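Okay, structure first, notes after.
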Amino acid sequence: MNLPSGKQPAAIVVYDGDCGICTWVVARLRLRLSAPVVPQPYQATDLSALGLTEDQAGKAMYLVDTQSATLFRGHHAFGRWLELAGPLWMVLGRLIRHPPFGWAARAVYALVARYRRFIPGPWRAAGRCAVDSGRNANVYQ
């Protein structure tokens, strides 16, 4: 999404650019949602300026609300991204972030984060999954 010159994004999404599923999902959301969000792989981001460490960014996706400097992690980051995309998406985003649906969203996110290197799908065809050999094997705990 290209923002008008000089306009600050509502949020910055920080994700693992070496993870095929992460990159694939972020690209699809960016195409389908009209939220003023700028996705950035953590490998090319000044994490300290956003209040994050490399260890944190390698374990979960983060959304940084640029207005309030609030950090949203994992399923909360996905939910917040949806909330910023407009009224219809906002409903789904709130369901993802709050109980009882939030409990399920957290469990699904944790499973995907932990086993992402084993999940088959179109992201594997591009050979983008560098999350192998145990790096971040115990993610999202």
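Each value in this text was obtained by applying a stated rule to the coordinates, not by laboratory testing. Worth saying up front: this structure is predicted, and the values here are computed from it rather than measured. Virtual Cβ from ideal backbone geometry, glycine too; neighbours counted across all protein chains shown.
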- Counting only residues 5 or more places away or on other chains, whose amide H sits under 5 Å from the amide H of V38 once H atoms are built in the peptide plane? A11, I12, V13
- Message: Order these by the 10 Å Cβ neighbour count, fewest first: S68, S34.
- Response: S68, S34
- Task: Would you grab the residues whose amide H sits under 5 Å from the one on M61? Only those 5+ places off in sequence or on another chain, please, with H modelled 1.01 Å from N.
- Result: G74
- Query: By how many nm would the segment from L92 to Q8 lengthen if fully extended, with 0.36 nm per residue of separation less the alpha-carbon distance?
  - Reply: 27.8 nm
- Convert each backbone phi in segment 18-24 into a coupling constant with the Karplus relation 6.51 cos²θ - 1.76 cosθ + 1.60 (shift: θ = phi - 60°), then list the ³J(HN,Hα) values in order as whole Hz, x for Gly and Pro. 8, 9, x, 5, 4, 4, 5
- Going residue by residue through segment 58-65, the Karplus relation 6.51 cos²θ - 1.76 cosθ + 1.60 with θ = phi - 60° gives ³J(HN,Hα) values, rounded to whole Hz and with x marking Gly or Pro, of x, 9, 7, 6, 10, 10, 9, 6
- Report ³J(HN,Hα) in whole Hz for each residue of segment 97-108, in order, from the Karplus equation J = 6.51 cos²θ - 1.76 cosθ + 1.60 where θ = phi - 60°; Gly and Pro get x. 8, 10, x, x, 5, x, 5, 5, 4, 5, 5, 5
- Message: Only counting other Cβ atoms within 10 Å, I'd like V108, V14 sorted with the fewest neighbours first.
- Response: V108, V14
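Arranged by the count of other C-beta atoms within 10 angstrom, fewest first, what order do F118, F101 take? Kindly include the intermediate steps, with their values, before the conclusion.
Numbers: F118 8, F101 15.
By the 10 Å Cβ count, ascending, the order reads F118, F101.
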